[in-house]
Amino acid sequence: MKIISYFLIIIVEFLSVDLTLSNTLEDKSSALIKEAKSTNKIAIKLKNEWRDVRKLIKKASKAHADKNYEKSINFAEQALNQAKMSIEQHKKQKNNYRFLDD
């Protein structure tokens, strides 16, 4: 009887750790997607959105919906990085003449 109770305790401990891990990954994934979307909106307002950011956000959202949070986090981090770089590019080049904006 003691052996069975020990096994049950161990199983419950492992399941609770996995559930906690998935909740934190889920939260991190959704937070990164939201941050990538808001950062990309700033880049859109500056008229300097990079081409792949929306695609990466869409892939991240799909992976999040499929509960593949690690993949979602990866795509969201890429999207966030590219959105930040597009804003940085705009800051560095804002004083240069952009003939395509006319």
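Looking only at residues that are surrounded by fewer than 18 Cβ atoms within 10 Å (Cβ to Cβ) and in contact (Cβ under 8 Å) with a residue 24 or more places away in the chain in the stretch 30-42, which one is nearest to N81 (Cα to Cα)?
To start, the set of residues in the stretch 30-42 that are surrounded by fewer than 18 Cβ atoms within 10 Å (Cβ to Cβ) comprises 30-31, 34-35, 38, 41-42.
Within this subset, residues satisfying the condition of being in contact (Cβ under 8 Å) with a residue 24 or more places away in the chain are 30, 35, 42.
Details: S30: 16, E35: 10, I42: 13 Å.
Filtering first and then ranking leaves E35.
Conditions tested, residue by residue: (1) in a helix (DSSP H, G or I); (2) crowded, with 19+ Cβ neighbours inside 10 Å; (3) at pLDDT below 95.
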site	(1), (2), (3)
S5	yes, no, yes
I9	yes, no, yes
L56	yes, yes, no
S72	yes, yes, no
E77	yes, no, no
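Checking Y97 against (1) of a type in the set (S, T, Y); (2) open to solvent by 100 Å² or more (accessible area, probe 1.4 Å); (3) modelled with pLDDT of 95 or more, which single condition isn't satisfied?
Among (1) of a type in the set (S, T, Y); (2) open to solvent by 100 Å² or more (accessible area, probe 1.4 Å); (3) modelled with pLDDT of 95 or more, the lone unmet condition for Y97 is (3).
For the stretch 43-52, state whether one or more residues are open to solvent by less than 100 Å² (accessible area, probe 1.4 Å) and closer than 15 Å to L32 by Cβ.
Within the stretch 43-52, the subset open to solvent by less than 100 Å² (accessible area, probe 1.4 Å) is 43-44, 46, 48-50, 52.
Filter once more, keeping what is closer than 15 Å to L32 by Cβ: none.
So far as the stretch 43-52 goes, no, none of its residues is open to solvent by less than 100 Å² (accessible area, probe 1.4 Å) and closer than 15 Å to L32 by Cβ.
Within the set of pairs 6 or more residues apart or between chains, which connect a residue that is without any contact (Cβ under 8 Å) to a residue 40 or more places away in the chain inside the stretch 70-98 to a residue that is open to solvent by 90 Å² or more (accessible area, probe 1.4 Å) with Cβ atoms less than 6 Å apart?
Going by the 6 Å Cβ cut-off, the qualifying pairs are F75/K59.
The values are calculated or read from the model by the stated rules, or taken from the named source; none is laboratory data. Just so we're clear, the structure is a prediction, and the values are computed from it rather than from any experiment. Because the Cβ atoms are built from the backbone with ideal geometry, glycine has one as well, and the counts that use them run over all protein chains shown. Surface accessibility is based on the protein's heavy atoms, side chains included, excluding ligands, DNA and RNA. Shrake-Rupley method; radii C 1.70, N 1.55, O 1.52, S 1.80 Å.
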